[in-house]
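Here's the structure we're looking at; comments come further down.
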Amino acid sequence: MEDTTKLKYYKLLLFLNSASDLERDILICLSHVYPKSISATQLATMIDVSIKARTLSRGVLKRLGDAGYILLDKLTPKLYSIRINHEDSLMSLLVDTCKAGDAVRESYLKKIENIEAGDG
(Lines give C-alpha, C1' and ligand atoms only; values in the text may rest on other atoms or scores of the structure.)
Protein backbone atom coordinates (compact mmCIF):
# COMPACT_ATOMS: atom_id res chain seq x y z
CA MET A 1 0.00 0.00 0.00
CA GLU A 2 1.35 3.41 -0.97
CA ASP A 3 2.16 5.96 1.74
CA THR A 4 -0.51 8.36 0.43
CA THR A 5 -3.13 5.61 0.63
CA LYS A 6 -2.01 4.72 4.15
CA LEU A 7 -2.28 8.38 5.13
CA LYS A 8 -5.84 8.60 3.74
CA TYR A 9 -6.94 5.55 5.73
CA TYR A 10 -5.15 6.83 8.82
CA LYS A 11 -7.05 10.12 8.57
CA LEU A 12 -10.30 8.18 8.17
CA LEU A 13 -9.52 6.10 11.26
CA LEU A 14 -8.73 9.22 13.29
CA PHE A 15 -11.94 10.85 12.12
CA LEU A 16 -14.09 7.83 12.99
CA ASN A 17 -12.37 7.52 16.35
CA SER A 18 -13.17 11.15 17.17
CA ALA A 19 -16.83 10.84 16.10
CA SER A 20 -19.51 10.05 18.67
CA ASP A 21 -21.12 6.61 18.59
CA LEU A 22 -24.27 8.07 17.02
CA GLU A 23 -22.32 10.02 14.40
CA ARG A 24 -20.31 6.91 13.54
CA ASP A 25 -23.46 4.76 13.29
CA ILE A 26 -25.11 7.31 11.00
CA LEU A 27 -22.11 7.67 8.70
CA ILE A 28 -21.46 3.93 8.49
CA CYS A 29 -25.13 3.25 7.68
CA LEU A 30 -25.30 5.98 5.03
CA SER A 31 -22.02 4.79 3.52
CA HIS A 32 -23.35 1.26 3.16
CA VAL A 33 -26.56 2.34 1.42
CA TYR A 34 -24.92 4.95 -0.83
CA PRO A 35 -26.11 6.23 -3.32
CA LYS A 36 -29.58 5.73 -1.83
CA SER A 37 -31.13 8.55 0.20
CA ILE A 38 -33.19 7.63 3.25
CA SER A 39 -35.55 9.40 5.64
CA ALA A 40 -34.73 10.17 9.26
CA THR A 41 -37.26 7.54 10.36
CA GLN A 42 -35.62 4.92 8.15
CA LEU A 43 -32.19 5.90 9.46
CA ALA A 44 -33.34 5.69 13.08
CA THR A 45 -34.83 2.24 12.48
CA MET A 46 -31.77 1.01 10.62
CA ILE A 47 -29.36 2.00 13.38
CA ASP A 48 -31.77 0.87 16.13
CA VAL A 49 -32.30 4.27 17.71
CA SER A 50 -35.34 4.89 19.92
CA ILE A 51 -37.82 7.69 19.27
CA LYS A 52 -36.36 9.71 22.15
CA ALA A 53 -32.84 9.28 20.78
CA ARG A 54 -34.13 10.11 17.29
CA THR A 55 -35.22 13.50 18.59
CA LEU A 56 -31.76 13.99 20.06
CA SER A 57 -30.16 12.90 16.77
CA ARG A 58 -31.59 15.89 14.92
CA GLY A 59 -28.74 17.98 16.31
CA VAL A 60 -26.26 15.34 15.21
CA LEU A 61 -27.69 15.34 11.68
CA LYS A 62 -27.48 19.12 11.56
CA ARG A 63 -23.83 19.05 12.74
CA LEU A 64 -22.92 16.39 10.16
CA GLY A 65 -24.70 18.39 7.47
CA ASP A 66 -23.04 21.65 8.51
CA ALA A 67 -19.64 19.90 8.41
CA GLY A 68 -20.41 18.72 4.87
CA TYR A 69 -20.32 14.99 5.67
CA ILE A 70 -23.98 14.36 4.84
CA LEU A 71 -26.54 16.02 2.60
CA LEU A 72 -29.95 16.88 4.02
CA ASP A 73 -32.53 17.55 1.33
CA LYS A 74 -35.74 19.05 2.69
CA LEU A 75 -38.66 17.37 0.92
CA THR A 76 -41.46 18.76 3.10
CA PRO A 77 -41.41 20.88 6.28
CA LYS A 78 -40.98 17.72 8.38
CA LEU A 79 -39.41 15.24 5.93
CA TYR A 80 -35.76 15.18 4.96
CA SER A 81 -33.88 12.94 2.60
CA ILE A 82 -30.48 12.04 4.03
CA ARG A 83 -27.44 10.75 2.18
CA ILE A 84 -23.70 10.66 2.56
CA ASN A 85 -21.79 13.45 0.83
CA HIS A 86 -19.59 11.38 -1.46
CA GLU A 87 -17.83 14.53 -2.69
CA ASP A 88 -16.14 14.94 0.70
CA SER A 89 -12.79 13.12 0.52
CA LEU A 90 -13.18 11.31 3.86
CA MET A 91 -16.77 10.29 3.14
CA SER A 92 -15.79 9.09 -0.35
CA LEU A 93 -13.11 6.90 1.23
CA LEU A 94 -15.64 5.63 3.78
CA VAL A 95 -18.11 4.76 1.00
CA ASP A 96 -15.39 2.92 -0.93
CA THR A 97 -14.32 1.06 2.21
CA CYS A 98 -17.90 0.07 3.05
CA LYS A 99 -18.30 -1.50 -0.40
CA ALA A 100 -16.38 -4.45 1.04
CA GLY A 101 -19.30 -5.02 3.43
CA ASP A 102 -21.78 -6.53 0.99
CA ALA A 103 -23.57 -8.51 3.71
CA VAL A 104 -24.04 -5.38 5.83
CA ARG A 105 -25.27 -3.42 2.80
CA GLU A 106 -27.80 -6.12 2.00
CA SER A 107 -28.96 -6.11 5.62
CA TYR A 108 -29.49 -2.33 5.55
CA LEU A 109 -31.28 -2.45 2.19
CA LYS A 110 -33.54 -5.23 3.49
CA LYS A 111 -34.43 -3.04 6.49
CA ILE A 112 -35.32 -0.20 4.11
CA GLU A 113 -37.60 -2.53 2.12
CA ASN A 114 -39.30 -3.72 5.33
CA ILE A 115 -39.79 -0.15 6.53
CA GLU A 116 -41.24 0.92 3.18
CA ALA A 117 -43.54 -2.13 3.22
CA GLY A 118 -44.76 -1.16 6.68
CA ASP A 119 -43.14 -4.09 8.47
CA GLY A 120 -40.87 -1.62 10.39
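With over 20 Å from THR97 (Cβ atoms), surrounded by 17 or more Cβ atoms within 10 Å (Cβ to Cβ) and over 11 Å from the mean Cα position of the chain (by Cα) as the only criterion, which of THR76, THR45 stands out?
THR45
Every residue, every condition in (1) touching a Lys or Arg at 6+ places or on another chain (Cβ under 9 Å); (2) more than 12 Å from LEU27 (Cα to Cα), yes or no:
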site	(1), (2)
GLY59	no, yes
ASP73	yes, yes
SER81	yes, yes
ASN85	no, no
SER89	yes, yes
ASP96	no, yes
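Anything in segment 86-108 that is within 18 Å of MET46 (Cβ to Cβ) and under 12 Å from the mean Cα position of the chain (by Cα)? List them, or say none.
Within segment 86-108, MET91, LEU94, VAL95, CYS98, ARG105, TYR108 qualify.
Check segment 84-97 and report whether any residue there is closer than 24 Å to GLY118 by Cα and touching a helix residue (DSSP H, G or I) at 6+ places or on another chain (Cβ under 9 Å).
Scanning segment 84-97 turns up no residue that is closer than 24 Å to GLY118 by Cα and touching a helix residue (DSSP H, G or I) at 6+ places or on another chain (Cβ under 9 Å).
Any idea which of LEU43, LEU61 is within 16 Å of LEU22 (Cα to Cα) and touching a Cys at 6+ places or on another chain (Cβ under 9 Å)?
The unique qualifying residue is LEU43.
Just to confirm my filter: which helices (runs of 4 or more DSSP H) fall fully inside segment 1-108 and include at least 3 residues that are on the phi > 0 side of the Ramachandran plot and modelled with pLDDT of 90 or more?
Because the criterion is at least 3 residues that are on the phi > 0 side of the Ramachandran plot and modelled with pLDDT of 90 or more, no helices (runs of 4 or more DSSP H) in segment 1-108 meet it.
Could you give every pair whose Cβ atoms fall below 6 Å, whose first residue belongs to segment 88-101 and is closer than 15 Å to TYR69 by Cβ, and whose second residue is among the charged types (D, E, K, R) and modelled with pLDDT under 95, counting only separations of at least 6 or pairs across chains?
Every condition considered, the pairs that remain are LEU93/LYS8.
Can you report the number of residues in segment 88-106 which are exposed (fewer than 12 other Cβ atoms within 10 Å of the Cβ) and either touching a strand residue (DSSP E or B) at 6+ places or on another chain (Cβ under 9 Å) or more than 17 Å from LEU12 (Cα to Cα) (or both)?
3
Restricting to segment 9-38, what's the tally of residues that are farther than 11 Å from LEU90 by Cα, surrounded by fewer than 17 Cβ atoms within 10 Å (Cβ to Cβ) and in contact (Cβ under 8 Å) with a residue 12 or more places away in the chain?
Adding up the residues that qualify gives 3.
The values are calculated or read from the model by the stated rules, or taken from the named source; none is laboratory data. In this text the structure is predicted, and so the values were computed from the model without any measurement. With ideal geometry, Cβ positions are generated from the backbone for all residues, glycine too; neighbour counts draw on all protein chains shown.
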